[in-house]
Amino acid sequence: MNLFEIKGLYKCYNTKAKPKVYAVHDLHLTVKKGEILGLVGESGCGKSTLGKMLLKLEQPTRGRIIFNQQDITDYSFSQMRKIRNRMQMIFQGNANAFNPYFTVEQIISEPLNNYSYETPAAKREKIVAMLEQVGLNQTYLNRYGHEMSGGQRQRVGIARALILQPEFAVCDEAVSSIDYALKNQILTLLTGLKQQLGLTYLFISHDIAAVNRICDRVVVMYLGNIVEIIPNINDQAQHPYTKALLAATLVPDPRKREKSRVLFKEAEELKIPEKGCVFQNRCLYAQAVCKAEQPALVSKDSEHYIACHLCHPH
Ligand SMILES: Nc1ncnc2c1ncn2[C@@H]1O[C@H](COP(=O)(O)OP(=O)(O)O)[C@@H](O)[C@H]1O
Ligand SMILES: [Mg+2]
């Protein structure tokens, strides 16, 4: 079962500085119910824009978004209100993630106040139960953001996102600025909650190790385009960009690191080329065909898709 079907999605930002930027470009993708779908790529490749469009926090320029078999692309604010509680965003738990004048109880109550009409006692009971699910307890109810560690704030952010029992959460760089031990705790928490609450995640991160640890499939984006969809990014990467991304992250085993070392060229201009492959200007292997024709995202085997002429010899 698919939770999302994304068809030909575009997002174009018109700004004064840069006339036309396609943050997301003709993107086709499904998100299956119950999966953790990773989304990786360099900063600026359109990951957050895609996440926000799925939650309808950004309106697509073109294309369709189907959520649970409903086309929500043109839903109005009030139509979205009815389903907004079913999808949430989990942000980084940094110091300014929350209103500094709010206690933990107020922070986690906010979504409840917008969506349910329970008594204060019932709400508090729910909040305490949620705090316990994220590894905190009721002694945190009256604390403020600055009175907690990064890990505790992260847990509060997760509690806030999950208090309405959504089906889907976008984790946008949720573990990117925290140390290794804490990262592992939060990843374990996120996967545990996914199981308990029957969630589906879009897990956005530039941390390939984290993505590899928890994701069922990984989408690799380059300049607004999907270049590869891959069940296991470490073992199966084939697109030259995915390989380069992997080589750029620290592989603990030096022999593997040497073997996987593939670099890309310096970007002259980070702009989607008029024709041909989106990665042609930085690819070390680009051939004439790569400059002439855009490679389709083609299935290599059932779950593995690659958009590269050289990975699919003609
Ligand atoms: N609100 C906006 N206005 C104009 N350009 C934007 C806006 N948001 C993002 N962009 C541009 O869209 C592209 C993708 O951004 P983003 O989705 O934030 O990438 P990522 O999350 O992968 O770092 C970038 O070029 C960025 O500058
Ligand atoms: Mg981002």
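Some values worked out for this structure:
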| item | result |
| --- | --- |
| Breaking point among (1) in a strand (DSSP E or B); (2) hydrophobic (A, V, I, L, M, F, W, C); (3) open to solvent by 40 Å² or more (accessible area, probe 1.4 Å), for Ile6 | (3) |
| From Ala169, Ala174, residue being at pLDDT below 95 and under 23 Å from Thr30 (Cβ atoms) | Ala174 |
| Contacts under 7 angstrom Cβ, first residue in the range 179-191 being farther than 12 Å from Val134 by Cα, partner β-branched (Val, Ile, Thr), 6 or more apart | Lys183/Val175 |
| Qualifying residue in the range 78-93 (condition: within 15 Å of ligand 1 (Cβ to nearest atom), under 28 Å from Ile6 (Cα atoms), assigned to a strand (DSSP E or B) and under 19 Å from the mean Cα position of the chain (by Cα)) | yes |
| Filter result for the condition that a residue is touching a helix residue (DSSP H, G or I) at 6+ places or on another chain (Cβ under 7 Å) and farther than 19 Å from Ile306 by Cα, over Lys33, Lys11, Lys16 | Lys11 |
| Yes/no for Val24 being within 13 Å of ligand 1 (Cβ to nearest atom), in contact (Cβ under 8 Å) with a residue 40 or more places away in the chain and assigned to a strand (DSSP E or B) | yes |
| Within the range 257-288, tally of residues that are open to solvent by 40 Å² or more (accessible area, probe 1.4 Å) and modelled with pLDDT of 70 or more | 11 |
| Identity of the residue in the range 164-223, charged (D, E, K, R) and under 17 Å from Gly151 (Cβ atoms), that ends up surrounded by the fewest Cβ atoms within 10 Å (Cβ to Cβ) | Asp179 |
| Residue list for the range 111-132, filter: open to solvent by less than 70 Å² (accessible area, probe 1.4 Å) and either within 27 Å of the chain's Cα centre (by Cα) or under 16 Å from Arg155 (Cβ atoms) (or both) | Pro111, Leu112, Tyr115, Ile127, Val128, Ala129, Met130, Leu131 |
| Of residues in the range 48-73 being without any contact (Cβ under 8 Å) to a residue 40 or more places away in the chain and part of a strand (DSSP E or B), the one nearest to ligand 1 (Cβ to nearest atom) | Asp71 |
| Filter pass, Leu164 being at pLDDT below 90 and either out of contact with any Gly (no Cβ under 6 Å at 6 or more places or on another chain) or small (Gly, Ala, Ser) (or both) | no |
| Complete set of residues in the range 39-72 that are open to solvent by 20 Å² or more (accessible area, probe 1.4 Å), within 12 Å of Val24 (Cα to Cα) and within 16 Å of ligand 2 (Cβ to nearest atom) | Gly44, Ser48, Lys52, Glu58 |
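One line per residue, one yes/no per condition, for (1) assigned to a loop (DSSP other than H, G, I, E, B); (2) small (Gly, Ala, Ser):
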| position | (1), (2) |
| --- | --- |
| Glu110 | no, no |
| Glu125 | no, no |
| Arg155 | no, no |
| Ala161 | no, yes |
| Leu164 | yes, no |
| Ala181 | no, yes |
| Thr191 | no, no |
| Phe203 | no, no |
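The values are calculated or read from the model by the stated rules, or taken from the named source; none is laboratory data. Quick caveat, the model's predicted, so the values are computed rather than measured. Ideal geometry is used to build each Cβ from the backbone, glycine not excepted, and the neighbour counts take in all protein chains shown. Accessible surface is based on the protein model in full, side chains and every heavy atom, while ligands, DNA and RNA are left aside. Shrake-Rupley method; radii C 1.70, N 1.55, O 1.52, S 1.80 Å.
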